[in-house]
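To start, the structure under review is shown below, and the notes come after it.
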Amino acid sequence: MSNADFASLSNTAITFAGVVYFVALLAHLVEWSRLRAVVPAEAGAGDPVRSEGDLLVATGGPAEDNPKVAFWARLGVVLTAMAALIHLVGVVCRGLGADPVRVPWGNMYEFTITASLVVVVLYLALHRKLQLAWLGPVLVGFVWVVLLAAVRILYVPVAPLMPSLQSPWLVIHVFAAILATGAFTLAGLASIIYLIKESRVRKDKVRPGGYLDRVPSLPALDRVAYRVTAFAFPVWTFGVLIAGPIWAENAWGRYWGWDPKEVWSFITWVVFAAYLHARATRGWKGRHAAILCLVGLVTLWFNFVGINYVFGDTSQHSYALEVVATVSLAVTS
Amino acid sequence: MSSKAPERTYDPDAPATPPPGLGPRELARWAWRQLTSMRTALLLLLLLAVAAVPGSLIPQDDVDSFAAIRYRDEHPRLAPVFDALGLFNVYSSPWFSAIYLLLMASLIGCILPRTRVYWRALRARPPRAPRNLARMPVSASHEVVPDDPAADPAAVLERAAAELRSQRYRVEHVPGEYVSAERGYLREAGNLVFHLAVLVVLVGVAAGSLFGYKGGAIIVTGKGFSNVLTQYDDFVPGAFFDPDDLAPYSFTVDDFDVDFILEGEQRGLPRDFTAHVRYRNAPGDEPTDYDLAVNHPLRLDGGDVYLVGHGYAPHITVRDGDGEIAYSGPTVFLPEDASFRSFGVVKVPFAEPEQIGLEGFFYPTFAMVDGDPMTVYPDAANPLLSMLVYTGDLGLSEGSQSVYALEKAGLDQVTDDDGKPLRIDLSPGQVTDLPDGLGSVEFTGLSRWVKVQTAHTPGTFVALGGVVLALLGLMLSLFIRPRRVWVRVREVTGQQADGGTAGEGRRRTLVEVAGLDRSGSSDDPGELAVAVDDLARSLAGTRVEENQ
């Protein structure tokens with residue numbers, strides 16, 4: 001196969017993965033809609049004593065035993081795994097489609113398709129360990145939207161890497177950034193669900209058998225956000241504060257230059273450091289911690305989306321266009 | 001809880017309202033306590049994040065001085081205010097420095113006492129077991145299998161101590177009473193290392209910015225560069241750097257290769273560019289060849305050289321009204337964008353009868369598209385110079401001015417016969433006469449230039465070592481889970497309140513195990529509960545039974 005064949009195979013695979021993610025999303029939606037139908041009826045008939053308040057702590061309940069619901073849930077996960085596999089083919093072929101062959105992390109489109117794949121893989125890998133079944137519909141929907149945006153807005157044809165990106169540090173630095181971005185995003189999703197559930201619980205408005213009733217308890221959600229963040233933070237530290245500066249020193253002659261991208265990745269680092277610090281020393285948990293986690297996630301995504309569009313021409317990290325030598329005004333006497 | 005727990009002697013969050021009537025010493029101590037409290041540290045950390053934001057929104061002098069100058073021109077009313085607030089130099093401004101210096105002070109004030117506490121904790125034995133283990137957050141109790149020869153309480157405790165030691169706990173065994181064990185000391189060590197390493201990073205970065213320098217120079221191919229101040233176009237020394245200390249290296253740029261992408265969406269973008277240089281570390285050395293490229297810097301003794309940009313330098317010869325060569329040589333034109341349409345200026349102060357100034361564009365591959373002159377490709381396939389002509393006083397006697405701009409106050413624009421501004425368009429080898437006997441301009445040839453950045457940054461490896469150390473410490477402090485485990489063995493008689501149903505009056509042996517997670521960041525308590533229960537089962541010898 002030629003490079004061009006791989007490139008077009010990559011496009012086909014990404015499109016196809018998007019379709020399968022969408023079908024997986026449908027499966028999860030069927031799962032949850034069945035739950036809505038089944039559980040309140042059973043709860044109402046079988047256990048009239050239970051008031052709404054009591055049900056707030058009940059997770060799952062009879063729904064787990066419903067074979068139809070379980071079937072749709074499993075189907076959703078299997079479809080997600082299939083989509084991830086096709087997604088992987090798309091990412092790999094993207095790299096094989098370039099001449100010379102390279103890692104597919106040279107621009108925003110490639111970064112986005114890889115980061116979204118990392119999110120899915122982390123979700124599938126931790127599915128059992130952290131019991132993430134509840135995350136299915138939200139995560140698949142999120143990935144589907146992100147992939148759609150990547151294809152519709154960010155897509156650029158395969159091209160060789162510009163000279164500044166031709167370095168082994170591309171693999172190390174960008175992969176660490178992608179991995180951490182995926183993990184922080186997962187933690188952020190858990191924090192969002194935490195905040196929604198927390199506010200509904202406070203107002204006594206969690207519908208029995210509904211989605212929020214089925215997601216894990218508040219402490220468990222809090223713990224998922226913390227553990228994934230605790231994994232992502234050292235990866236981010238390595239990618240942004242070790243690999244990044246080493247590469248920057250090599251390419252630009254300074255290891256830290258307060259370039260807008262560097263500023264914002266520093267801000268992200270500081271916010272998540274504050275998050276971990278607040279948890280460890282001030283005993284922050286729950287709502288405050290979730291908000292701080294989301295602030296960190298917003299700075300992270302602003303860094304990714306914002307820097308390329310808002311600061312396009314001033315950042316050395318802007319890869320929409322090769323940065324032309326900006327020669328400062330030389331003064332002569 | 002045990003009153004002997006050493007970590008309780010230092011409580012950074014103890015209520016800190018200043019009692020009335022404090023003397024200056026007490027007041028200072030109170031302020032220090034405030035500064036080193038965890039709440040202040042957290043606040044300073046978040047403040048640091050917020051304070052970093054403006055530096056990404058407003059162009060910074062140190063990052064992109066050109067953009068900063070342009071911003072000042074475009075916002076004449078805002079600029080003085082921003083200047084006063086240091087917003088063009090956020091990261092070296094007093095207020096930004098104040099935040100991180102306070103943070104460092106807070107950090108030192110925090111790690112010093114903690115190191116002391118940790119040092120004591122390291123040498124201390126695990127604390128004595130609480131009397132009632134069942135009241136601990138995580139506990140389990142199992143009845144020792146009767147008739148087990150190992151059911152003797154002393155033997156059970158012995159096995160508990162051995163088992164916990166094999167799980168790398170530090171174990172305190174008080175025979176006949178309890179076993180107390182603790183592990184995870186490295187968490188706090190990692191914590192301290194992390195904080196210490198942040199200071200190391202700061203020292204390394206400070207060394208680089210105080211004792212180092214950064215400079216930039218444009219070198220036309222075929223020409224050389226010696227590392228002395230006069231050869232730099234821009235030079236930013238650290239506060240304590242003496243330009244006399246510049247390392248005596250030199251190099252010549254023999255040739256420059258650039259390879260553009262010929263097709264596809266990114267047509268016209270460079271695929272690769274390389275400068276072939278010959279360098280000497282000291283004047284007497286043999287020259288060595290080197291391919292200087294992006295991501296392939298030249299490391300010299302006492303400084304590094306980086307290729308950061310390139311462009312065109314048309315050779316222009318200007319003859320004055322007397323026919324004398326008044327100006328000749330490659331002239332650096334600065335690229336305006338990725339198309340490499342470049343802007344440049346020629347100043348001819350020694351032309352007779354009048355000084356001549358030229359300014360205009362260089363098109364590497366000239367073409368008229370819809371009536372507009374432009375370059376359709378960045379490589380030099382059809383080079384064209386297109387310049388406007390000025391005459392009069394170049395203003396060079398009145399202090400410094402940019403070599404890349406004409407000072408037009410004392411200049412008149414030269415016009416053609418129709419009274420329109422005269423524009424001279426030249427291809428290589430072409431020459432054109434200027435009106436009014438001013439002379440002639442010739443485009444004799446074309447060179448390329450490279451922009452190099454040189455830097456010397458002492459302390460780089462200190463900073464790098466610091467970050468690596470910080471990462472190691474961070475991982476220890478995140479992933480090590482300190483916990484305490486206690487084991488007691490009790491002999492009870494008869495039916496117990498906890499639901500024991502063995503025959504009345506029979507003596508039974510109960511193994512009680514309790515655990516305490518001390519990581520303080522809400523890690524999964526389930527794991528500890530499982531570990532505690534497993535230990536209790538295995539000590540009681542009931543594991544086999546459970547598995548059946």
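The values are calculated or read from the model by the stated rules, or taken from the named source; none is laboratory data. The structure presented is a predicted model; accordingly, all values stated were derived computationally and were not measured. Note that we place each Cβ from the backbone using ideal geometry, even for glycine, and neighbour counts take in every protein chain shown. SASA here: full protein model, heavy atoms, side chains in, ligands and nucleic acids out. Shrake-Rupley method; radii C 1.70, N 1.55, O 1.52, S 1.80 Å.
In the set (1) within 14 Å of chain A (Cβ to nearest Cβ); (2) open to solvent by 30 Å² or more (accessible area, probe 1.4 Å); (3) modelled with pLDDT of 85 or more; (4) over 30 Å from A:ILE246 (Cα atoms), the condition left unmet by B:PRO525 is number (3). Does any residue of segment A:170-190 turn out to be free of Cβ contacts under 8 Å to residues at least 60 places away in the same chain, open to solvent by 40 Å² or more (accessible area, probe 1.4 Å) and not acidic (Asp, Glu)? No: segment A:170-190 contains no residue that is free of Cβ contacts under 8 Å to residues at least 60 places away in the same chain, open to solvent by 40 Å² or more (accessible area, probe 1.4 Å) and not acidic (Asp, Glu).
When the residues of segment A:215-226 are narrowed to those that are surrounded by fewer than 21 Cβ atoms within 10 Å (Cβ to Cβ) and part of a helix (DSSP H, G or I), which ends up nearest to the other protein chains (Cβ to nearest Cβ)? In this case the residue turns out to be A:PRO219. Of the residues making up segment B:23-66, those that are over 17 Å from B:ALA98 (Cα atoms) and free of Cβ contacts under 8 Å to residues at least 12 places away in the same chain number 12. Taken over segment A:82-135, residues that are open to solvent by less than 40 Å² (accessible area, probe 1.4 Å) and either closer than 21 Å to A:PHE6 by Cβ or of a type in the set (A, V, I, L, M) (or both) amount to 34.
All but one of (1) modelled with pLDDT of 90 or more; (2) in a loop (DSSP other than H, G, I, E, B) hold for B:THR252; state the number of the condition that does not hold. Evaluating B:THR252 over (1) modelled with pLDDT of 90 or more; (2) in a loop (DSSP other than H, G, I, E, B) leaves (2) as the failure. Number of residues in segment B:210-255 that are closer than 21 Å to B:SER447 by Cβ, among the acidic types (Asp, Glu) and more than 14 Å from every other protein chain (Cβ to nearest Cβ): the value is 2.
For A:ILE196, the requirement of being out of contact with any Phe, Trp or Tyr (no Cβ under 7 Å at 6 or more places or on another chain), within 24 Å of A:LEU126 (Cβ to Cβ) and open to solvent by 70 Å² or more (accessible area, probe 1.4 Å) is met. Of everything listed in (1) within 14 Å of another protein chain (Cβ to nearest Cβ); (2) within 40 Å of the chain's Cα centre (by Cα); (3) open to solvent by 20 Å² or more (accessible area, probe 1.4 Å), the single unmet condition for B:PRO349 is (2). Any residue at all in segment B:301-316 that is touching a Phe, Trp or Tyr at 6+ places or on another chain (Cβ under 6 Å), under 30 Å from B:LEU434 (Cα atoms), open to solvent by less than 10 Å² (accessible area, probe 1.4 Å) and within 11 Å of another protein chain (Cβ to nearest Cβ)? There is at least one residue in segment B:301-316 that is touching a Phe, Trp or Tyr at 6+ places or on another chain (Cβ under 6 Å), under 30 Å from B:LEU434 (Cα atoms), open to solvent by less than 10 Å² (accessible area, probe 1.4 Å) and within 11 Å of another protein chain (Cβ to nearest Cβ).
This table checks each residue for (1) of a type in the set (Gly, Ala, Ser); (2) in a helix (DSSP H, G or I); (3) over 22 Å from B:GLU182 (Cβ atoms).
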position: B:PRO113; (1), (2), (3): no, yes, no
position: B:ARG116; (1), (2), (3): no, yes, no
position: B:ARG131; (1), (2), (3): no, no, no
position: B:ALA134; (1), (2), (3): yes, yes, no
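Can you pull out the helices (runs of 4 or more DSSP H) entirely within segment A:88-204 that have at least 2 residues that are within 20 Å of A:VAL19 (Cα to Cα)? The helices (runs of 4 or more DSSP H) meeting that bar are A:108-126, A:136-149. A single member of B:ASP322, B:ASP289 is in a strand (DSSP E or B) and open to solvent by 50 Å² or more (accessible area, probe 1.4 Å), and it is B:ASP289.
The lone criterion from (1) within 11 Å of chain A (Cβ to nearest Cβ); (2) at pLDDT 90 or above; (3) open to solvent by 10 Å² or more (accessible area, probe 1.4 Å) left unmet by B:VAL452 is number (3).
Taking the numbered list (1) in the same structural domain as B:PRO364 (by TED's automatic domain parsing); (2) more than 30 Å from B:GLY437 (Cβ to Cβ) in turn, B:PRO297 passes all entries but (1).
Can you pull out every residue in segment B:47-68 that is more than 7 Å from every other protein chain (Cβ to nearest Cβ) and in a helix (DSSP H, G or I)? The answer is B:LEU47, B:VAL50, B:ALA51, B:PRO54, B:LEU57, B:ALA68. Please indicate, with yes or no, whether at least one residue in segment A:260-278 is under 30 Å from B:LEU292 (Cα atoms), of a type outside the set (A, V, I, L, M, F, W, C), surrounded by 23 or more Cβ atoms within 10 Å (Cβ to Cβ) and facing chain B (nearest Cβ under 7 Å). Looking through segment A:260-278, at least one residue is under 30 Å from B:LEU292 (Cα atoms), of a type outside the set (A, V, I, L, M, F, W, C), surrounded by 23 or more Cβ atoms within 10 Å (Cβ to Cβ) and facing chain B (nearest Cβ under 7 Å). Within segment A:68-82, residues that are over 13 Å from A:VAL23 (Cα atoms) reach partners that are among the aliphatic types (A, V, I, L, M) and open to solvent by less than 70 Å² (accessible area, probe 1.4 Å) with beta carbons closer than 6 Å, at six or more positions or on different chains, in the pairs A:VAL69/A:LEU35; A:VAL69/A:ALA63. When segment B:320-345 is limited to residues that are β-branched (Val, Ile, Thr) and in contact (Cβ under 8 Å) with a residue 24 or more places away in the chain, the one that is farthest from the other protein chains (Cβ to nearest Cβ) turns out to be B:VAL345. Among the residues of segment B:167-217, the ones that are over 14 Å from B:ALA470 (Cα atoms), assigned to a helix (DSSP H, G or I), touching a Gly at 6+ places or on another chain (Cβ under 9 Å) and open to solvent by 20 Å² or more (accessible area, probe 1.4 Å) come to 6 in all. Across segment B:32-46, the qualifying residues are those that are more than 10 Å from chain A (Cβ to nearest Cβ) and in a helix (DSSP H, G or I), and the one among them that is nearest to A:LYS261 (Cα to Cα) is B:THR40.
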